[in-house]
Structures are given as structure tokens and as C-alpha cells.
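The values are calculated or read from the model by the stated rules, or taken from the named source; none is laboratory data. Note that the structure is predicted; figures quoted are calculated from it, not measured. Note that we place each Cβ from the backbone using ideal geometry, even for glycine, and neighbour counts take in every protein chain shown. To get the accessible areas, we keep the full protein, side chains included, count just its heavy atoms, and leave off ligands, DNA and RNA. Shrake-Rupley method; radii C 1.70, N 1.55, O 1.52, S 1.80 Å.
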Amino acid sequence: MKILYLETSSKNCSVAISDNEKLLCLCEETSENYKQSESLHTFVEWALEGAEISLKEIQAISLGKGPGSYTGLRIGAASAKGFCYGLKIPLIAVNSLESMIEPFLGQNYDYIIPLIDARRMEVYTAIYDGNTGEEKVGTEAKILDDTTFQEYRDKKVVFIGDGAKKAKEVLQLPNADFNENIFPSSKYLIKKTLEKINKKEFEDVAYFEPFYLKDFQGVKKKKSEE
């Protein structure tokens with residue numbers, strides 16, 4: 001089964017194609033300027049060329065559903081839904097935090113804690129078992145301070161993601177590891193996507209919305225400007 005994967009929830013615009021569990025091609029770029037709107041469809045074209053298949057051969061679309069960048073998630077969801085409608089194929093959605101933990105499973109950590117940078121000292125996070133990947137604490141928005149995650153002080157913990165940089169500066173956890181160079185990537189969607197396909201856990205394309213976690217916070221115009 002040939003599957004197209006889109007991950008646009010962070011600074012990493014990422015596209016992959018697999019044939020079942022075999023990764024055929026990966027195209028991604030991390031940019032501080034969030035280049036999803038200008039890069040996503042180009043990356044899809046490059047990935048198809050690299051995998052040496054045509055778009056009509058794609059049998060399912062998998063999307064990293066967030067949480068993360070509001071604009072990035074909207075772009076990814078709109079593209080995924082467009083492909084599904086046009087090709088008449090199913091949509092699978094995977095929590096972007098859950099996909100990040102894959103490279104760290106079985107590395108002797110008690111817990112893996114992904115942190116996606118939000119505003120100021122806020123992060124999007126969840127907590128996973130370091131061996132099984134089982135979710136221990138569900139996805140939430142959390143404000144970081146010197147008391148955060150103190151219940152894991154005596155555990156072997158790794159914090160991953162772009163929120164790990166500011167976490168390292170404030171968390172009083174001297175034994176924890178921090179890896180800030182990990183972003184949600186389409187290549188880490190493969191395993192969970194295949195599990196969902198086997199269970200027939202498909203999204204309703206017409207009503208699907210990304211996992212924003214929080215409402216969009218834009219700058220309100222003054223009445224004189226409206």
C-alpha cells in the first residue's frame with residue numbers, strides 16, 4: 001500500500017511516501033519562517049519523483065494532525081483533504097507529539113516528553129513510556145517554570161522538540177536529557193499510520209479538523225482600523 005505523509009505542524013515542512021512500512025522518499029526542510037505554504041506542494045512533487053510513482057498510485061493520505069502551528073496545520077489539513085477528495089482515498093491522522101518519540105523508544109528512558117514551542121514559556125506536551133510508547137499523560141498546553149515536571153525528578157527522562165531549549169533553562173531537573181533538534185517528521189508517521197489502517201481508524205474527510213489544542217490568537221484590530 002503506497003501512502004503519502006504530510007507533516008506541517010512545526011517549522012519542519014515534511015513530506016514522505018512509503019510502500020507499507022518501507023520509506024520510499026522523504027523531502028523536508030526546517031525553516032524559522034514556516035515555509036509550508038510555498039514548499040508543501042513542491043515537496044509532494046519531489047517525493048513522488050523520488051519514489052518513482054504517480055499521484056494516482058497513492059492509496060491513502062496520512063497527516064500529522066498537531067498540535068502545533070495554527071497556520072501550518074491548516075495548510076497541511078487543506079492539502080490532505082484535497083488529495084483525499086480528488087483521489088477518493090482515506091485520510092489517517094496521527095498526533096504529531098506521538099510521532100516524535102519514535103527515535104527515542106528503547107533508549108533506557110523511563111519517560112519521553114515531547115515539547116512543541118508555543119508562546120512565551122508555554123509548550124504543547126504529552127508524556128510517553130520510554131519503552132512501550134504508551135501515552136501516560138495526554139496532550140496539553142503547559143506553562144514552564146521551576147516547578148514543572150518535578151514528579152519526574154528521580155526518573156530517567158528525555159525532553160525532545162524545539163520547546164526543550166527553554167525547558168532546559170528553567171526546569172530544575174539536573175538528571176534529565178534535552179534534545180531540541182527534533183521536529184515532527186513525516187517519516188515518523190509510518191508505524192502509527194499502518195496501525196490505524198489495520199484498525200480501520202479513518203477520519204471523516206468532510207468534517208476533519210486538525211488538533212489545534214488552542215484557539216488561534218491573532219492581533220485584534222482597533223475599531224478605527226476595521
For the chain, give the share of DSSP beta bridges that are antiparallel, in percent and rounded to the nearest 5; count only bridges with both residues there.
60
Could you tell me, in Å, what Rg and Dmax come out for the Cα atoms of the stretch 42-96?
11.7, 32
Exceeding the 20 Å Cα-Cα cut-off - candidates 156/192; 2/22; 11/155; 65/200
156/192; 11/155
Could you report the chain's accessible area per residue, 1.4 Å probe, as an integer in Å²?
52
Once the cut-off is 17 Å, how many percent of the Cα-Cα pairs in the stretch 101-179 end up in the long-distance tail?
37
For residue 59 and residue 195 in the same chain, what is the full-extension length gain: residue separation times 0.36 nm, less their Cα-Cα distance, in nm?
47.4 nm
Counting other Cβ atoms within 10 Å of each Cβ, which GluC sites (Glu not before Pro) in the stretch 1-89 have at most 12 and sit in a DSSP loop?
21, 32, 52
Mean Cα-pair separation over length for the chain, i.e. relative contact order, pairs under 8 Å, 6 or more apart, %
22
On C-alpha positions alone, give me the angle between the axis of helix 70-87 and the longest principal axis of the chain, in degrees, nearest 10.
30
Considering only C-alpha atoms, what is the centroid distance from the stretch 108-133 to the stretch 43-74, in Å?
25
Using a simple charge model, +1 on the beta-carbon of Lys and Arg, -1 on the beta-carbon of Asp and Glu, nothing else, what dipole does the chain show about its Cα centre, in debye to the nearest 20?
500
Report in % the part of the accessible area of the chain that belongs to carbon and sulfur, leaving out ligands and nucleic acids; probe 1.4 Å.
44
